[in-house]
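Comments concern the structure below.
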Amino acid sequence: MRRSLGWLVAGVLSIILTVGAFCPASWMGLLLERQTGGRLTLGDAQGSLWNGSAFVGGAAGGKDPVTPLVPGRFAWRLSPALLIGQLDLLVENPATLSQPVQISGSWDQWQVSAAALALPAERLAGLGAPLNTIAPSGQMRLRWNTLQVARQGNAIVLLGSMTLEMREMASRLSAVKPLGSYDLTLDWRGQQAQVELKTVKGPLLLSGSGALQNGRLQFAGQAESQAGQEERLANLLNLLGQRRTEGNRNIIALEFK
């Protein structure tokens with residue numbers, strides 16, 4: 001009886017390992033879609049779950065083609081130790097990552113190494129409204145320190161900070177180019193991030209703070225023109241929000257609830 005049970009267990013393990021060895025790379029795309037609520041997916045996935053590559057794009061759904069959001073292909077190497085609960089994943093993309101990213105830990109808790117990701121603003125229109133209307137252009141770079149990530153039930157909690165650097169930004173809604181350079185800081189503490197926006201330089205001055213939770217942004221800030229740029233930016237400012245006066249300054253209230 002014990003011998004038969006042993007052979008049965010060995011047979012089941014053999015089937016699991018055989019199936020696992022040939023898992024297609026497209027399975028990684030399904031995992032990405034699930035963790036990002038369907039916002040992101042993988043395109044042209046090649047290889048296997050353990051050693052593959054693909055480009056990252058917006059999840060268009062249906063039969064629509066996937067639009068790449070960043071240059072280059074992401075290549076990954078995932079250790080089979082995942083089958084016993086140990087995560088060891090290396091992600092590389094020399095075209096957009098400052099350095100390879102190491103993700104290690106267990107099924108429920110892992111650590112993401114520090115790096116930076118270049119994000120061409122023009123490709124963000126592929127995420128749909130309102131970015132396809134704004135049609136941003138410029139250079140964007142998302143950098144982060146070491147991140148601690150954990151799964152709590154169906155939720156993902158995150159500890160660490162990120163900064164989205166936006167340089168020489170412009171929009172098809174305005175003839176003024178560039179509008180400015182900005183930093184958006186996200187301080188993650190669990191499922192919520194404290195958000196702060198500040199202007200580095202430029203004729204369009206943006207500032208504000210708020211919180212990002214479960215993909216929903218609550219933000220209160222303001223937009224105004226640099227001294228001497230009022231007429232050039234008047235039309236754009238009128239599109240951004242409601243005008244109000246604070247002292248001798250005319251500003252636009254930026255509010256998202």
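The values are calculated or read from the model by the stated rules, or taken from the named source; none is laboratory data. Source: prediction; values computed, not measured. In this analysis, Cβ positions are derived from the backbone assuming ideal geometry, glycine residues included, and neighbour counts consider all displayed protein chains. Side chains included, ligands, DNA and RNA excluded: accessible areas come from the protein's heavy atoms. Shrake-Rupley method; radii C 1.70, N 1.55, O 1.52, S 1.80 Å.
Per residue Cα convex hull volume for the stretch 88-187, in cubic angstrom?
Details: hull volume 11.3 nm³, N = 100.
Expressed per residue, the convex hull around the Cα atoms of the stretch 88-187 is 113 Å³.
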When the Kirkwood hydrodynamic radius is evaluated over all pairs of different C-alpha atoms of the stretch 60-123, what value in angstrom, to one decimal, is obtained?
13.6
Once both label points are put 7 Å beyond Cα along the C-beta direction, the Ser98-Ile156 separation in nm becomes 2.1
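Roll a 1.4 Å probe over the protein chains and send me the accessible area per residue for the stretch 161-244 in Å².
Working: 4700 Å² over 84 residues.
Roughly 56 Å² per residue, with all protein chains present.
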Just to verify a number: FRET efficiency for Gln242 and Ala81, C-beta to C-beta distance, R0 = 35 Å, to 0.05?
0.05
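Can you tell me how the stretch 127-177 classifies by the Cα gyration tensor, rounded, prolate or oblate, using a/c under 1.5 as the rounded cut? Kindly include the intermediate steps, with their values, before the conclusion.
Details: a/c = 5.87, a/b = 2.00, b/c = 2.93.
Oblate.
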In µm²/s, what is D for the stretch 148-257 at 10 °C and 1.306 mPa s, where D = kT/(6 pi eta Rh) by Stokes-Einstein and Rh is the Kirkwood radius from Cα pairs?
104
Share of accessible surface on carbon and sulfur in the stretch 150-240, whole %, 1.4 Å probe and ligands ignored, is 50
Centroid-to-centroid separation of the stretch 189-257 and the stretch 85-160 [C-alpha atoms, Å]:
25
